[in-house]
Amino acid sequence: MPRIFDNIEEKLVFYLQETLKISSRADFCIGYFNLRGWKHLEELVNNWDGSDENCCRLLIGMHRPPQDELRKAMSLSENEIDQQTVLRLKKKLAEEFKEQLMIGIPNNEDEKALRKLSNQLKEKKVRVKLFLRYPLHAKLYLLFRNDLNNPITGYLGSSNLTFSGLSGQGELNIDVLDHDACKKLTKWFDERWNDRWCFDISDELVNVIEESWARESLIPPYYIYVKIAYHLSQEAR
C-alpha cells in the first residue's frame, strides 16, 4: 500500500530530502517553480556532477491562471505556435520569475540560495524546461539510485515545488514504489521532456538571478541614484 503525505502527519519535504540523499538523479514535473523554494532541496543535489546521470531535471508545465496569455498560448496546436511565440513566452516567463524576487524582503539566506541555484544551472546540475504543447497540471517527483530492489522512487500528487507545496497543509500525495508503475512514470516524463514544444529556460533563469538583488557583483551607487530619480520624477514624466 502506498504511503499518504498530507503535510499534516507526514510532510512530503522530509521524504523528498531523505530520498535525495541516497539518489544520483531526479526528474521533477511541476506546475509552479518558486526560485526561493528550491533552497529546501538544493544542498542535496549540489554534489552531483551535472552529467546526464547525475543531475536534476525540472519540467514546468503550468504557471499562470486560465485568463492569462501564457496559459492560453500553452494550449496552441503545432500549426499555430512558432519560434517567435516561443521566444516571447520565454521572455514573459523570465519577467514573472523577476516578479517572484520582488516579493518580500531580501535576506542573506535567500541570497545565498539563489546564487547557489544560479551556479547549479550553469553547471547543468539543475536543468529547467518549459512545456508548451498543452497545459500540464501534473506534479511528479522521480528519484533514481543504484539499487537492485528499489531503483526508482516516485511521489505523485498535488504538491508544487514551493515551500507551501512541500510542507503546507491542503496537499495530498502518495509514494510509488512498484517497479512497473515507476517505469511507466519515467517513460511519461521522458516523452514530455523530449517533446518538440518543450524548451530549455535554464539560461533565462540564470539571467534573472544575476540581474536581481541576489547577483554576486554589487550595483554601482549611481544606478541606484538614477532609479530613485526616475521614480521621484514619475509625475513630471
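Here are the numbers for the structure shown:
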| item | result |
| --- | --- |
| Rounded percent of accessible protein surface that carbon and sulfur make up, the chain, 1.4 Å probe | 53 |
| Dipole axis of the chain (+1 Lys, Arg; -1 Asp, Glu on Cβ), positive-most option in LEU177, CYS29, TYR223 | TYR223 |
| Equivalent ellipsoid dimensions for the chain as semi-axes, Å, which come from the Cα gyration tensor, largest first | 33, 22, 17 |
| Reach of LYS139 by Cα under 13 Å, taken over aspartates and glutamates that are not fewer than 8 positions away in the same chain | ASP27, GLU171, ASP175 |
| Given LYS91/LYS124; LYS92/LYS116; LYS39/LYS92; LYS90/LYS122; LYS21/LYS124; LYS91/LYS184, the pairs whose alpha carbons are separated by over 26 Å | LYS91/LYS184 |
| Accessible area (Å², 1.4 Å probe, nearest 10) - THR162 | 20 |
| Contour excess over end-to-end distance, with Cα ends at ILE228 and ALA181 and 0.36 nm allotted per residue | 11.3 nm |
| Rounded tilt (10° steps) of 83-101 against the dominant C-alpha axis of the chain | 80 |
| Degrees between helix 179-193 axis and first principal axis of the chain (Cα, 0 to 90, nearest 10) | 30 |
| Helix axis angle, 221-232 relative to the chain longest principal axis, alpha carbon, degrees | 80 |
| Accessible area of the chain divided out per residue, in Å², using a probe of 1.4 angstrom | 55 |
| Helical contribution to [θ] at 222 nm, DSSP H n ≥ 4, -39,500 (n - 2.57), averaged over the chain, rounded to 500 | -12000 deg cm²/dmol |
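The values are calculated or read from the model by the stated rules, or taken from the named source; none is laboratory data. From a predicted model like this one, the values you see are computed outputs, not experimental measurements. Note: ideal-geometry Cβ built from the backbone for every residue, glycine included; neighbour counts use all protein chains shown. These area figures cover heavy atoms from the full protein model, side chains too; ligands, DNA and RNA do not enter into them. Shrake-Rupley method; radii C 1.70, N 1.55, O 1.52, S 1.80 Å.
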